[in-house]
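Input: a single structure, listed below in structure tokens.
The values are calculated or read from the model by the stated rules, or taken from the named source; none is laboratory data. From a predicted model like this one, the values you see are computed outputs, not experimental measurements. FYI the Cβ positions are ideal-geometry reconstructions off the backbone, even for glycines, and counts take in every protein chain you see. Note: accessible area is taken over every heavy atom of the protein model, side chains too, but ligands, DNA and RNA are not part of it. Shrake-Rupley method; radii C 1.70, N 1.55, O 1.52, S 1.80 Å.
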Amino acid sequence: MLMCQQVELSDRYNPQDVEGRIYQWWSRNGYFKAEEKSTRLPFSIILPPPNVTGSLHLGHALNHSVQDLLVRWKRMQGFNVLWLPGLDHAGIATQSVVERELKKENTTRQQLGREKFVERVWEWKNQYGGRILEQMRLLGDSCDWDRLVFTLDEGVSKAVRKVFVELYKKGLIYKGLKLINWSPALESAISDLEVEHKEVKGQIYHIKYPLADGSGALEVATTRPETMLGDTAVAVHPEDDRYRELVGKMVQLPLTNRTIPIIADQYVDREFGSGVVKITPAHDFNDYAVGQRHKLPMINILNKNGTLNENAGPYQGKKVQEARKQVVADLEKLGLLVKVEPHTHQVGHCSRTDCVVEPFLSEQWFVKTAPLAAPAKRVVESGTIVFEPESWTKTYLHWMNIIEDWCISRQLWWGHRIPAWNCANCKKVTVAEVDPDKCAHCGHAGLTQEEDVLDTWFSSALWPFSTMGWPEKTELQETFYPTSVLVTGFDIIFFWVARMIMMGLEFKHDVPFRTVYIHGVIRDAQGRKMSKSLGNAEDPVKLIEQWGADALRYTLISQIASGRDLKFSTQRLEGYRNFMNKLWNAARFSLTNLADFVTPADGLDALPSKSEMSHADQWIVYKLGVVEKEVDEYLKAYRFSDAANTLYAFVWNVFCDWYLEFIKPVFHGELDVTQKRATQLILAQVLNRIVRLLHPFAPFITEEIYQKLPIRSEAAIIDTYPHPRNDKALLALGSEEVATNMDLVREVIAAIRNIRGENRIKPGLKINVRLAPHDDKAQKVLGENKVAIMTMARLENCEIGEAGNLSKCAVQPVQLADMKVDVIVPLEGLVNIEEEIKRIRKAIEKLQKDVAVLTQRLSDPKFAANAPAEVVQQGQRQLEESKAQISTLEAALARLS
RNA sequence: AGGGACUUAGCUCAGUUGGUAGAGCGCCACCCUUACAAGGUGGAUGUCGUCGGUUCGAUCCCGGCAGUCCCUACCA
């Protein structure tokens, strides 16, 4: 063991030695590239564009693993594949990052000015943005990188403008004064979907509002006493007898000099509190609706930054929380505070900044969604777009039914500026694709552009076609629109999926994709959401470094079933790392035994004749055929975890555990040249299929192994995906009958191992065994596979024949299909027979349970009358077999003592 | 409040036309057997949440209840 170690493959698979090199090689060879024009069928996926500020998290890893799996599978199936990568400018997130930088420099974007600030964000983007794109390469994502699109690229911006202008002209975009969700931290509007409701423990304040005529007071309850400064009415239920006479009278609004009317409205719940509600139309969505019904004035008491404005009188300038305290204190002084009770309620928070969202009256731009939603609903109802899993269809349709107009303006600087100009002269709005130099209405040159930018999701909604060159006519769109599948999490069905469908139908007159595959969210081992604040977020880049990208991908894919959330644990990851190692070592073993194998001229098509093949060879080919079929069916049905688990079991429990063991004697024992050559061919072919089958799941290790295979083409990534249709010649060499025979052999070996294990016979000790077949067929099968049995069960001697004397013998009946064998192990002198007695008793007990259950069922005349004949027969057969096995075991037991 | 999902081995989950429950990890025992100790062989473990109904037969279909979770909308 000094200096003369041979250089060969390590017995540990080391992903770090492989992944970077392989990725570069793929990339250099252009395997990820799509053809704009092709005779091959298209398959396209657009990547949900990650935020330019983002870095890879496990959610991406899951999302991308699925997409890359599909893309690689389809590519191997011969499709012209496009996986189109992109990057989102992420208005709020990116602006916040740069604003934080400015803060460190003791300046603000306002001081810098809009133009300079936007320049600054671009600088940031060019320097730090898009780090995630590099991380995606670590995962193995096979995107067509040459086509990377950024949402602020010129082409996309053109598309955005065109869509805005056209929708405006159709009356589907309008500007209006409405109550919207306002984030005081961002000083911007946000959409309903960006509001997260959280349960907050607060208080409910009961306040007296004196009647203006001095004849008493009404008691109202509120969780937000400070908003009373903007009250313009109090409301009661129209049929509430307690207050019927008061409707139409006025109350004196405390802390102000205003009097406000008492109105009646169905909205009021008589049961709740005192049945009297204060109405603040400018700061509550329900009150806003009431206010509109009753034409109440709307008094806005807030500034954009969340402080109280001049309408709040003495409270002006205070923040909401301070004003609340002060208002309550002042009311108490006046004796108008009746009581304060603890109260938990749901409060809207900004999903970006986590500040409390304020309903705020302001002028914003909106998309009228009803006309767009109707066709978007129809294409899902009709099945033109299919959700996978199907259960999300309901969720989608439900949301489309209650959809409201979409507020698309944001008071930010980073994003697509709204292409609308206000005229200084006629005050009218000019909306145009190209910056206008004069007003479209009066021709005046004094135009100023709207300050606001568009919601980031506005450009995202156009993604399936804006990334392909729209509004220009392009080959890319001809070939790849509509895209094939959209892969995303359920959290953005409404933000994104629905809006893409609406926009695709409106502007391309076709759906943007055929299938929407929805996956769950990744949680930690305890089932908590992964988040930075909890500190339980695993960094996929670190995981890849430690365990390998393939192991990570396999871990995620293997548990993605049924669109449910999945729990992530490194323990499981370790298991799949082990699987990669297993595969690696199986390949090492195979390659060692193929070292002297000369690749035939016909390469991939090279096969032995069936007559040259061993039973094990025919068996593994048969099993391969079954697996190829199953995997194809699972993938087609989007059952990725089933496909992954099927392959895992085939590679480990069939190929490694049995086939490689079966063929060892062929390579190690006395050499039969023909047999060896046949087995080598089969081994090379089967390993080749395994590598290809696994490639979309574990691309790196499979490509690395593939490149060392004696039988292969250019690269795993572009080789054909195995399918029974493409593998006819090879699979024809498999035999179901032989496979069944080999399964009997496996069961016999398992029975001997079981006897050995239970009787604690040392693994190193070779023993003698008698096999007593009950029929000629079993006799033949055992005879032909004697070597395998002796090797794998570690036998000194194996007799096949009569059962003979059972004295002091362990006995185990085995049966499969129509073959029966008694496995007999003489224990004399080997072990303490107590263990064997226990073992047999245990086996008998188990069989007796079966007999009891079966007897009961079969003796029920109703069962015989109603159950299908097939089921009855099967039960009877099983009963007989179990009984026969019991008697065999009992006979053995009698001979033991 | 409305809608939906889930409840199966210690843990994570399969179980697709209703016919005597499976995997991985973990656990126990024995083994460094020349691909792999990141391995091998053997083993143990379940009133399939609970109560009813349909059925010859229910983990599976239907209903009630309990628990967990998600979504949507909100009662001031």
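Results, tabulated for the structure shown:
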{"item": "Mean Cα-pair separation over length for chain A, i.e. relative contact order, pairs under 8 Å, 6 or more apart, %", "result": "12"}
{"item": "Largest to smallest accessible area among A:VAL673, A:VAL516 [probe 1.4 Å]", "result": "A:VAL673, A:VAL516"}
{"item": "Estimated Rh, the stretch A:452-516: Kirkwood, alpha-carbon pairs, angstrom", "result": "12.1"}
{"item": "Amide H contacts of A:VAL338 (H built 1.01 Å from N, under 5 Å, at least 5 apart or other chain)", "result": "A:HIS206, A:ILE207, A:LYS208"}
{"item": "Degrees separating the helix A:91-104 axis from the principal Cα axis of chain A, which is the longest one", "result": "70"}
{"item": "At q = 0.17 Å⁻¹, base-10 log of I(q)/I(0) for the stretch A:195-271 (Debye sum, equal scatterers on each alpha carbon)", "result": "-0.70"}
{"item": "Accessible surface, chain A, averaged per residue in Å² (probe 1.4 Å)", "result": "46"}
{"item": "Degrees separating the helix A:392-401 axis from the principal Cα axis of chain A, which is the longest one", "result": "10"}
{"item": "Sparse-neighbourhood loop sites, GluC sites (Glu not before Pro) in the stretch A:78-161 - DSSP loop, at most 15 other Cβ within 10 angstrom", "result": "A:GLU105"}
{"item": "Placed amide H near A:ALA420: partners under 5 Å, 5+ positions off or other chain", "result": "A:GLU450"}
{"item": "Amide H within-cut-off set for A:HIS349, under 5 Å, with H built and near neighbours excluded", "result": "A:GLU196, A:HIS197, A:LYS198, A:VAL357"}
{"item": "Inverse mean reciprocal Cα-Cα distance (Kirkwood Rh) of the stretch A:90-144, Å", "result": "12.6"}
{"item": "Between the stretch A:826-897 and the stretch A:361-378, the alpha-carbon center distance in angstrom", "result": "70"}
{"item": "Centre separation in Å (Cα based) which lies between the stretch A:64-83 and the stretch A:535-606", "result": "18"}
{"item": "Kirkwood Rh, Cα atoms: Rg over Rh of the stretch A:183-326", "result": "0.97"}
{"item": "Rounded if a/c under 1.5, otherwise prolate or oblate - the stretch A:128-187, Cα gyration tensor axes", "result": "oblate"}
{"item": "Rounded if a/c under 1.5, otherwise prolate or oblate - the stretch A:172-238, Cα gyration tensor axes", "result": "prolate"}
{"item": "Fraction of accessible area attributable to carbon and sulfur, chain A (%, probe 1.4 Å)", "result": "48"}
{"item": "Summed side-chain charge close to A:LEU193 - residues other than A:LEU193 whose Cβ falls under 15 Å, Lys, Arg +1, Asp, Glu -1", "result": "-4"}
{"item": "Shape box of the stretch A:1-99 [Cα atoms, principal axes, largest first, Å]", "result": "62, 48, 22"}
{"item": "Percentage, to the nearest whole number, of Cα pairs in the stretch A:411-489 over 16 Å apart", "result": "64"}
{"item": "Relative packing of peptides A:479-487, A:768-776 - highest average C-beta neighbours within 10 Å first", "result": "A:479-487, A:768-776"}
{"item": "Between 0 and 90°, nearest 10: helix A:498-507 axis offset from chain A longest Cα axis", "result": "80"}
{"item": "Heavy-atom accessible area ranking, 1.4 Å probe, most first, across A:THR674, A:THR702", "result": "A:THR674, A:THR702"}
{"item": "Helix-only [θ]222 nm of chain A, DSSP H runs n ≥ 4, -39500 (n - 2.57) each, per residue, nearest 500", "result": "-13500 deg cm²/dmol"}
{"item": "Loop trypsin sites (Lys or Arg not before Pro), the stretch A:536-614 (other Cβ atoms within 10 Å of the site Cβ: 14 or fewer; DSSP)", "result": "A:ARG564"}
{"item": "Debye intensity ratio I(q)/I(0), log10, the stretch A:512-607, q values 0.16, 0.18 Å⁻¹ (C-alpha model)", "result": "-0.80, -0.89"}
{"item": "For chain A, diffusion coefficient by Stokes-Einstein and Kirkwood Rh (Cα), 37 °C, 0.692 mPa s, µm²/s", "result": "98"}
{"item": "The stretch A:89-246: C-alpha gyration tensor shape, a/c 1.5 cut-off, then a/b vs b/c", "result": "prolate"}
{"item": "The stretch A:296-401: GluC sites (Glu not before Pro) falling in loop per DSSP and having at most 15 other Cβ within 10 Å", "result": "A:GLU390"}
{"item": "Candidate lysines - alpha carbon under 20 Å from A:LYS838, same-chain residues fewer than 8 apart omitted", "result": "A:LYS762, A:LYS808, A:LYS846, A:LYS849, A:LYS883"}
{"item": "Virtual spin-label span in nm between A:ASP510 and A:GLU714, 7 Å along Cα→Cβ", "result": "2.8"}
